[in-house]
Amino acid sequence: MPNNSTDTQALQQKARDLMPLIEQYQDWGKQHRDLAPEVIAAIHAAGLFRLYQPKAWGGAELDPRDFWAVQAIFRERCLSTAWVHGVLSVQSFLMGLFNEQAQADVWSESPDVLVSSSFQPTGKVTVVEGGYRLSGHWTFSSGSSFAQWVLVGGLVFPDGEGKPPQMALFLVPRADYQLNDTWHTFGLRATGSNDVVIDDAFIPAHRVLFAGAGMVPDVSDSAL
């Protein structure tokens with residue numbers, strides 16, 4: 001449900017108010033290949049990372065048109081800031097498709113926890129009791145240095161011949177993955193789009209979202 005124009009204009013003004021700070025740190029961002037922590041902190045303080053976030057977890061649940069109107073303000077001055085803001089914000093939309101326990105895992109201690117992503121299904125997935133074991137290497141996780149969780153893609157191969165694999169997103173806490181500093185590029189230099197590496201992490205079933213299903217199938221002994 002879209003906000004009224006007054007609310008959207010107020011959010012746009014919050015973004016405009018950040019422009020002097022964003023411009024101040026643009027050279028820093030290009031040099032360090034990531035946004036400055038001061039810029040991330042200011043976006044947090046303005047509540048602009050929570051535009052898609054469920055209201056139950058302190059978010060605004062904005063209509064996409066309202067979100068784009070806010071993001072366009074960043075885009076006018078700094079494409080890297082707009083990109084990171086958009087990528088880290090949209091994960092809140094996806095988290096709204098996970099079950100309540102997964103959402104609580106992320107936001108129960110703070111509504112400002114961020115989730116980065118890398119959706120290509122490159123992970124090696126093994127079904128185990130109560131969930132999955134996941135390993136792999138994922139590229140281009142923008143804003144990942146400021147995230148406490150990551151959403152990564154993988155294919156789950158069901159038992160039995162003739163059954164197609166299922167694409168799934170796995171929600172992984174920061175303690176269970178490493179970031180490889182690989183982002184050396186010409187464009188969008190300040191997006192910190194580094195690689196995510198996971199080595200045999202256990203992912204409980206409630207932290208998995210199957211594409212197109214919006215729900216997680218039961219993982220039990222009988223399914224193994």
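With contacts defined as alpha carbon pairs under 8 Å and 6 or more residues apart, what's the relative contact order of the chain in percent?
Working: 427 pairs, mean separation 44.7, N = 224.
Result for the chain is 20 percent.
Can you list the lysines whose alpha carbon is less than 19 Å from that of Lys163, not counting same-chain residues fewer than 8 positions off?
By straight Cα distance, Lys163 reaches Lys124.
Output ³J(HN,Hα) for segment 177-183: one whole-Hz value per residue in order, computed from phi by the Karplus curve 6.51 cos²θ - 1.76 cosθ + 1.60 with θ = phi - 60°, and x for Gly and Pro.
8, 10, 10, 9, 7, 10, 7
In the chain, what percent of the accessible surface is made up of carbon and sulfur (1.4 Å probe, ligands and nucleic acids excluded)?
Here it works out to 54 percent.
How do the peptides 163-176, 83-96 rank, highest first, by the average count of neighbouring beta carbon atoms within 10 Å per residue?
Details: 163-176: 16.4, 83-96: 21.7.
Ranked from most to least packed, the peptides come out as 83-96, 163-176.
Mind pulling the angle between the C-alpha long axis of helix 79-95 and the longest principal axis of the chain? Nearest 10 degrees, somewhere in 0 to 90.
Here the helix axis deviates by roughly 40 degrees.
Tilt of helix 5-17 relative to the longest C-alpha principal axis of the chain, in degrees (0 to 90, nearest 10)?
It is inclined by approximately 80 degrees.
Would you please give the residues with an amide H less than 5 Å from that of Ser117, counting only those at least 5 places away or on a separate chain, with H modeled from the backbone geometry?
Ser142, Leu151
Using the heavy atoms of the protein chains alone and a 1.4 angstrom probe, what is the accessible area of segment 50-165 per residue in square angstrom?
Working: 5300 Å² over 116 residues.
Value for segment 50-165: 46 Å² per residue.
Given Cβ point charges of +1 (Lys, Arg) and -1 (Asp, Glu) and nothing else, what value in debye, to the nearest 20, does the dipole of the chain about its Cα centre take? Each step should come with its number before you reach the end.
Numbers: 15 positive and 24 negative charges, 126 e Å.
Taking the Cα centre of the chain as origin, the dipole is about 600 debye.
Per DSSP H run of at least 4 residues, take -39500 (n - 2.57); add these up for the chain, divide by its residues and hand me the 222 nm value, nearest 500 deg cm²/dmol.
Result for the chain, helices only: -10000 deg cm²/dmol.
What shape does segment 8-148 have by the C-alpha gyration tensor, where a ≥ b ≥ c are the square roots of the eigenvalues, rounded means a/c under 1.5, and otherwise prolate means a/b greater than b/c and oblate the rest?
oblate
Between Ser135 and Arg65, what length in nm is gained on full extension when 0.36 nm per residue of separation is reduced by their alpha carbon distance?
21.5 nm
Between helix 64-77 and the chain, what is the angle of the helix's C-alpha long axis to the longest principal axis, kept within 0 to 90° and rounded to the nearest 10?
60 degrees
The values are calculated or read from the model by the stated rules, or taken from the named source; none is laboratory data. Predicted, not measured: the structure shown is a model, and the values here were computed from it. Backbone-built Cβ (ideal geometry, glycine too); neighbour counts: all protein chains shown. The accessibility values were calculated without ligands, DNA or RNA, using every heavy atom of the protein model including side chains. Shrake-Rupley method; radii C 1.70, N 1.55, O 1.52, S 1.80 Å.
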